[in-house]
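The values are calculated or read from the model by the stated rules, or taken from the named source; none is laboratory data. Everything numeric in this text was worked out from a predicted model, so none of it was measured. Heads up: the accessible areas ignore ligands, DNA and RNA and are worked out on the full protein's heavy atoms, side chains in. Shrake-Rupley method; radii C 1.70, N 1.55, O 1.52, S 1.80 Å.
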Amino acid sequence: MATPVDTNSKLIATYGPALTDPTLYRSLAGALQYLTFTRPDISYAVQQVCLFMHDPREPHMQTLKRIILYLQGTIDHILFLSVSAISGLTAYSDADWEGCPDSRRSTYGFCVFLGDNLISWSLKRQATFSRSSAEAEYRG
């Protein structure tokens with residue numbers, strides 16, 4: 001897999017048949033949460049599948065399997081810190097207006113680089129509703 005999630009669709013809470021035994025789903029999702037410490041590229045995908053741990057459904061399990069296939073194909077990806085001249089502090093941010101189909105809340109994130117090295121990053125769902133993409137970006 002080239003990406004850990006399908007970029008054309010969003011997960012919905014009540015879509016698809018419920019899993020008969022959610023134990024495996026919860027176990028795999030919990031294990032992937034620990035992996036996000038060393039693989040920040042899967043953080044968003046893991047966060048999305050963890051939203052449905054109380055009532056996982058078949059599409060959620062398919063997304064979980066996709067993350068595992070992505071990891072299998074990118075086993076050599078690492079978080080690399082290099083020695084470099086500090087050329088400055090650079091920050092990037094972005095927001096997704098009404099990105100969650102269930103709650104209609106926006107998602108925002110940022111990352112901060114010191115020279116060429118990533119030193120901080122975050123991705124969160126906004127606590128309040130935004131009426132426009134500009135407002136979602138401002139809140140982020």
Full-extension gain in nm, Thr20 to Ile119, via 0.36 nm per residue minus C-alpha separation: 31.5 nm
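Let a ≥ b ≥ c be the square roots of the eigenvalues of the Cα gyration tensor of the stretch 1-63; is it rounded (a/c under 1.5), or, if not, prolate (a/b larger than b/c) or oblate?
Details: a/c = 2.24, a/b = 1.28, b/c = 1.74.
Because a/c hits 1.5 or more and a/b fails to exceed b/c, the stretch 1-63 counts as oblate.
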With every protein chain kept in the model, how would you rank Val5, Val46 by accessible area, 1.4 Å probe, largest at the top? Val5, Val46
Computing the accessible area with a 1.4 Å probe over protein heavy atoms, can you report the carbon and sulfur percentage for the stretch 10-69? 64
